[in-house]
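As structure tokens, the structure follows; a few thoughts come after it.
The values are calculated or read from the model by the stated rules, or taken from the named source; none is laboratory data. All values derive from a computational prediction rather than experimental measurement. For neighbour counting, all protein chains shown are included, and Cβ atoms are generated from backbone atoms with ideal geometry for every residue, glycine included.
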Ligand code: GAL
Ligand code: CA
């Protein structure tokens, strides 16, 4: 078990004499991560705090960029050590990681749940050891978060992301009549959905299309595909839509940028000229997503504020680790029910893309 867990730890970096377990795609295991959240660090002073983080899948583009932002926050604070675990899409693995981080004396644990409907083991372990949990990005249901007063959530308002994507698509359809390529007065569209059961997938799918319709666009749904936030899966699904409909798809609403990019890959692989592509919209504003907007392959996206969310999570975790309360952040953030911090989304198109590319 121990061996297995260590293999899950990202490579640790030694910077400024302290330990950071690195994020995302970067690295393999190193010895400095082995003492990660443990109390064995000779450099640890009494005012040093230890945070543990576990993410559902390190290959998720948005999450890996989010963790890069989190690491930057960390670099600014000499008195915080962090270890990051990857749960490899297994809730069981994540449960073991949380127990391990508690044993190793982490002061606060940040959890990006694998299965947002199954946080019981994590909550029970944290509660027993009196270690606060900051859940992030994958929102647990209210009944679970209210099970203990030291459970928190940092994320964004999923409804808003759906509405903004719908508004972007509606504005494009209203201003550019060539989107209705077959001239039938309706927009033939498909939706690319993230994981079944994920709050963002459910809510974005519903609100993006509802908003489009509310804005007066007549629509004709050709189909939808669940592609689990994943670029390659989306490419495969869109390739088969292209086989069925040829240039008949006029709009693609994707729950995230990676799947929108998969759609773009499918059109490129099919050798279709750009004027036969649909208008494609995403959500996230990842680096690759922004580049696709800049290059006029994606018509627009919605910024999922990874910098803001990573900063809020860091500040909340540090505040809790030092014995403080979430209310101390109320000047900076809107706090709901003493538990939730939600950052806003923003619309991105070719007109404001430079602001985001330079972040
Ligand atoms: C969403 C994001 C997706 C994916 C997902 C993972 O907020 O838009 O790209 O990262 O979270 O939970
Ligand atoms: Ca049409």
Residue under question is residue 138, and the condition is that it be under 21 Å from residue 99 (Cα atoms) and within 12 Å of ligand 1 (Cβ to nearest atom); does it hold?
yes
Helices (runs of 4 or more DSSP H) wholly inside region 86-196 that include at least 1 residues being in contact with a strand residue (DSSP E or B) (Cβ under 9 Å, 6 or more places away or on another chain) and more than 28 Å from residue 48 (Cβ to Cβ):
142-145, 158-175
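This table checks each residue for (1) surrounded by fewer than 17 Cβ atoms within 10 Å (Cβ to Cβ); (2) without any contact (Cβ under 8 Å) to a residue 24 or more places away in the chain; (3) over 21 Å from the mean Cα position of the chain (by Cα).
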| residue | (1), (2), (3) |
| --- | --- |
| 182 | yes, no, yes |
| 187 | no, no, yes |
| 192 | no, no, no |
| 199 | no, no, no |
Per-region count, region 348-359, residues surrounded by 18 or more Cβ atoms within 10 Å (Cβ to Cβ) and in contact with a strand residue (DSSP E or B) (Cβ under 8 Å, 6 or more places away or on another chain)
1
For the condition out of contact with any strand residue (DSSP E or B) (no Cβ under 7 Å at 6 or more places or on another chain) and at positive phi, what is the one hit in 296, 265, 284?
296
Among 293, 318, 302, the single one that is more than 16 Å from ligand 2 (Cβ to nearest atom), within 22 Å of residue 193 (Cβ to Cβ), more than 17 Å from the chain's Cα centre (by Cα) and not in a loop (DSSP other than H, G, I, E, B) is 293
Selected residue [surrounded by 15 or more Cβ atoms within 10 Å (Cβ to Cβ) and without any contact (Cβ under 8 Å) to a residue 60 or more places away in the chain] from 93, 172, 121
121
Name the residue, out of 63, 74, that is at pLDDT below 95 and surrounded by 16 or more Cβ atoms within 10 Å (Cβ to Cβ).
74
Tell me, yes or no, whether region 253-265 has at least one residue that is within 16 Å of ligand 2 (Cβ to nearest atom), at pLDDT 95 or above and either assigned to a helix (DSSP H, G or I) or over 29 Å from residue 309 (Cα atoms) (or both).
no
What number of residues within region 315-328 are buried (at least 17 other Cβ atoms within 10 Å of the Cβ) and touching a strand residue (DSSP E or B) at 6+ places or on another chain (Cβ under 8 Å)?
6
Residue in region 10-27 that is modelled with pLDDT under 95, exposed (fewer than 14 other Cβ atoms within 10 Å of the Cβ) and under 16 Å from the mean Cα position of the chain (by Cα) present:
yes
Only one of (1) away from ligand 1 (no atom under 16 Å from the Cβ); (2) touching a helix residue (DSSP H, G or I) at 6+ places or on another chain (Cβ under 8 Å) is not met by residue 271, so which one is it?
(2)
Being touching a residue at least 12 places away in the same chain (Cβ under 8 Å), within 16 Å of ligand 1 (Cβ to nearest atom) and either on the phi < 0 side of the Ramachandran plot or crowded, with 20+ Cβ neighbours inside 10 Å (or both): is that true of residue 232 here?
yes
